[in-house]
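Working notes, beginning with the structure itself.
The values are calculated or read from the model by the stated rules, or taken from the named source; none is laboratory data. As the structure is a computational prediction, the values presented were derived from the model and not from experiment. Positions of Cβ are backbone-derived with ideal geometry, glycine not excepted, and every protein chain shown enters the neighbour counts. The area values use the complete protein model at the heavy-atom level, side chains included, leaving out ligands, DNA and RNA. Shrake-Rupley method; radii C 1.70, N 1.55, O 1.52, S 1.80 Å.
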Amino acid sequence: MTDTTQPGHAPAGTSRWIDLSRDSLQLIAEGVTETAGFGVAAISVARDDGYLHVTAVAGNEDARRTLKGHRTAIDELMDEVAKGDDWGLLTFVPHERMQLEDGQWGWVPDIVPLDEPDAWHPLDLLVALLYDTEGVLRGTLTIDLPEDGRRPSPAQRRLLNRYAAQTGRAVLTILEREELADQVRLAEAARLVVRRASVQRSLPRILEVAQPALVEGFRAAGMWIQTVDEDGLGHGKVHANNGSEIELPAEIVRIAERAARAAWHAQAPQIVTRGRSFAHGVTEAEGEQIFAFLDSIEIGSLLFVPIGVGDECLGNLVLTRAPKATVWSETEASAALDIGRDLGSAILNARAFEREHRLVEQLQELDTYKSQLIATVSHELKNPLTSILGHLEILESVELERPVRTSLSAMERGARRLGRVVDDLLLLSKVGDPGNPLLARAVDMRSIVDDVVDMVAVSAARGGLKVEVAPPEQPLHALGDAVELDRVVSNLVSNAVKYTPEGGSIRITLARQGDEVVLTCADDGLGISADDQQRLFREFFRSTNPEAVARPGTGLGLAIVRRIVERHGGRIEVESELGRGSCFRVFLPAA
């Protein structure tokens, strides 16, 4: 019985009914030996690695030990079968036509042929090739050692053909069931990978959660993922299954990156094993480099899967198996490609998140630098301004000519205006500094409103404005810093006074809504356009309305209000229409 083989491993059954199917093959083989008059019968199943794997052996015990679990190269067997005689489903190849070298036989019976024309020779081959409905070879039934020492008679051939037909049906059944079990297993692995990886926000976490499902679901010895352009600058990495970065030879990395792009474009994974040609532009010389590397890390075969989204290749997934393990199947390759697509989406999302996170950190650093710069410049301006104002006050006590006194007054107004800008900048820096904690306590908001209204009373009266305060039914206390909250009310009310034309009115109300104190400041002044409202709380922003720009201001008042309110855990809302007034609402946590 010929069997050009090396030791190997058939895939383990994934369910009880697959084991039962294999038992049925064993029963068929035993039936051949018991009823057809032959001493040995072996049934092999064709696998994706290009070999026939012996699955059932009946009869001679020495043959069973030698043949069970062996592999026969399909191409070599077909070369020999082509020399044989057609006996229906069976093919008989006489020993004199065989050209196999010593050592290519799986098992040879130790018999002396009869001295007859139809005598059976130990090197004769009798095999049934088992095809599916599409003409694909799915297995073989090999028969040896006739009890009478002769080649089968016509009656024996008819019986053996019936067994061959029965064997073919059984082989197709076991393969269909194995494929179904593989599909279920791989679908579960894919489901776990998608569920676990899609919610992760970093590549190491994606690897950490996907690795167990991939390795177990695909029966792999290990895995790694190679990324391309991971940092947006064209640099990739290779990550092991434990999430750490590993080192591959530079040439292997370049070959893999190029092959991944081609494989993603073709939407075709690659099973890499000796005896199988490379695709995706990998040359024969490069293939030898790959196999030398695999040999060095004791890997027998690998499944090379491109990872990407849309037209963009993001890298490749590599699943490995040991030298004596079963080579990857086309079913596994197809399932792995789907996972490559899912991993591509997860990796793209993780990259976007990481880049956004880095951008946020950079913006935070820039904001901190800006605050520090403002604070430093403001402090440097504060001392000279204080000196200037002090000297101006001294000069006011001296008898001076009228033009000089007029100039001094203008200088004083400018210096005091610049001083207010400096004070605003210092306050803006202070309330925006995360290192300056808020010391919160209960603050009487009605008292603050009354003080502010008193402060603006002269300006309001000068402009013919009516300021109304709707007092709350009971005292209202907000949780915060009294000085800062006073600045919030002062800025809002003074803005209302500044931008309300003569004869207008301003309404200030305080109310309690759940756990919040609500301060409302409404006026029937100039109003704010919709475009300006989008930028209203930015530092140094001035309205695009010429009538508003004509009034003096620094563009810092509302920016300070927003920072103080957010620092207190509150929020601010604005409703306004150009020419019809504005309404600001501040929500603060109640004490």
Exercise. If you look for lysine pairs in the chain that are eight or more places apart or on different chains, how many of them have Cα atoms under 20 Å apart?
Worked result: 5
Exercise. Could you give the length gained on full extension between GLU573 and ASP311, defined as 0.36 nm per residue of separation minus the Cα-Cα distance, in nm?
Worked result: 89.9 nm
Exercise. Scaled to the compact-protein estimate 2.2 N^0.38 Å, what is the alpha-carbon radius of gyration of the stretch 295-388, rounded to two decimal places?
Worked result: 2.19
Exercise. Roughly how many debye, to the nearest 20, is the charge dipole of the stretch 441-528 about its Cα centre, given +1 on each Lys and Arg Cβ, -1 on each Asp and Glu Cβ, and no other charges?
Worked result: 200
For this session: Just name one of PRO471, VAL517, GLN364: the one whose Cα is farthest towards the positive end of the charge dipole of the chain (beta-carbon charges, Lys/Arg +1, Asp/Glu -1).
Result: PRO471
Exercise. Once you charge only the Cβ atoms, +1 for Lys and Arg and -1 for Asp and Glu, what is the size of the charge dipole of the chain about its Cα centre, to the nearest 20 debye?
Worked result: 2520
Seminar exercise, completed: Taking max minus min of the Cα coordinates of the stretch 407-469 on each principal axis, largest first, gives extents in Å of 42, 34, 13
For this session: Given the peptides 433-445, 565-577, arrange them by the average over their residues of other C-beta atoms within 10 Å, most packed first.
Result: 565-577, 433-445
Exercise. Between LEU385 and ASN545, what is the label-to-label distance in nm when each label sits 7 Å out along the Cα-to-Cβ direction?
Worked result: 2.7
Seminar exercise, completed: Cα-based Rg/(2.2 N^0.38 Å) for the chain, rounded to two decimals, is 1.75
Exercise. Based on the Cβ-Cβ distance of HIS265 and GLU96, what FRET efficiency does E = 1/(1 + (r/R0)^6) give at R0 = 60 Å, to the nearest 0.05?
Worked result: 0.70
For this session: Set the Förster radius R0 to 41 Å, insert the Cβ-Cβ distance between ALA155 and ASP48 as r into 1/(1 + (r/R0)^6), and round the FRET efficiency to 0.05.
Result: 0.60
For this session: List the residues whose amide H sits under 5 Å from the amide H of THR91, counting only those 5 or more places along or on another chain, with H placed 1.01 Å from N in the peptide plane.
Result: VAL127, ALA128, LEU129
Exercise. Which angle from 0 to 90°, rounded to the nearest 10, does the C-alpha axis of helix 402-431 make with the longest principal axis of the chain?
Worked result: 30
Seminar exercise, completed: With 0.36 nm assigned to each residue of separation and the Cα-Cα distance removed, ALA352 to VAL404 gains 12.3 nm
Seminar exercise, completed: So, for the Cα atoms of the stretch 392-539, Rg and Dmax in Å stand at 19.1, 63
Seminar exercise, completed: Computed, not fitted: 222 nm per-residue ellipticity of the chain from DSSP H runs ≥ 4 (each -39500 (n - 2.57)), nearest 500, equal to -16000 deg cm²/dmol
Problem set entry | the stretch 268-349: equivalent-ellipsoid semi-axes (sqrt of 5 x gyration tensor eigenvalues, Cα, Å) | 23, 14, 11
Exercise. What does the charge count near VAL209 come to, summing +1 for each Lys or Arg and -1 for each Asp or Glu among other residues with Cβ under 10 Å from its Cβ?
Worked result: +2
Exercise. Once amide H atoms are placed 1.01 Å from N in the peptide plane, what residues at a sequence separation of 5 or more from PHE38, or on another chain, have their amide H within under 5 Å of its amide H?
Worked result: GLU147
Exercise. Gain in length, VAL377 to ARG191, computed as 0.36 nm per residue apart minus the alpha-carbon separation, to one decimal in nm?
Worked result: 61.2 nm
Exercise. If each of ASP229 and GLN362 carries a label point 7 Å out from its Cα toward its Cβ, how far apart are those two points in nm?
Worked result: 1.7
For this session: Kindly state, to the nearest 0.05, the FRET efficiency for GLU288 paired with MET411, given R0 = 60 Å and r defined as their beta-carbon distance.
Result: 0.10
Problem set entry | Accessible area (Å², per residue) of the chain, counting only protein heavy atoms and a probe of 1.4 Å | 50
Problem set entry | Overall Cα dimensions of the stretch 32-166, principal axis frame, Å, largest first | 42, 32, 28
Exercise. Relative to the longest principal Cα axis of the chain, at what angle does helix 284-296 sit, 0 to 90 degrees, rounded to 10?
Worked result: 90
For this session: On a 0 to 90° scale, report how tilted helix 250-266 is relative to the longest principal axis of the chain, with both axes built from alpha carbons and the result rounded to the nearest 10.
Result: 90
Seminar exercise, completed: Along the dipole axis of the chain (charges at Cβ: +1 for Lys and Arg, -1 for Asp and Glu; origin at the Cα centre), the most positive-end residue among VAL493, CYS313, GLY59 is VAL493
For this session: Tell me the GluC sites (Glu not before Pro) within the stretch 255-356 that lie in a loop according to DSSP and have at most 12 other beta-carbon atoms within 10 Å.
Result: GLU298
For this session: Return the distance in nm (one decimal) between the two label points of a simple spin-label model at LEU439 and ARG538, each offset 7 Å from Cα along Cα→Cβ.
Result: 3.6
Exercise. What is the Cα centroid distance between the stretch 441-493 and the stretch 159-229, reported in whole angstrom?
Worked result: 70
Problem set entry | Two-decimal ratio, the stretch 471-591, of alpha-carbon radius of gyration to 2.2 N^0.38 Å | 1.04
Exercise. In terms of modelled amide H atoms, which long-range or inter-chain residues lie less than 5 Å from the amide H of VAL469?
Worked result: ILE508
Exercise. Once Lys and Arg get +1 and Asp and Glu get -1 on their Cβ, which of ILE255, LEU25, SER429 lies farthest toward the positive end of the dipole of the chain?
Worked result: SER429
Problem set entry | Within the accessible area of the chain (1.4 Å probe), percent carbon and sulfur | 52
Problem set entry | Alpha-carbon centroid distance for the pair the stretch 540-591 / the stretch 24-52, whole angstrom | 88
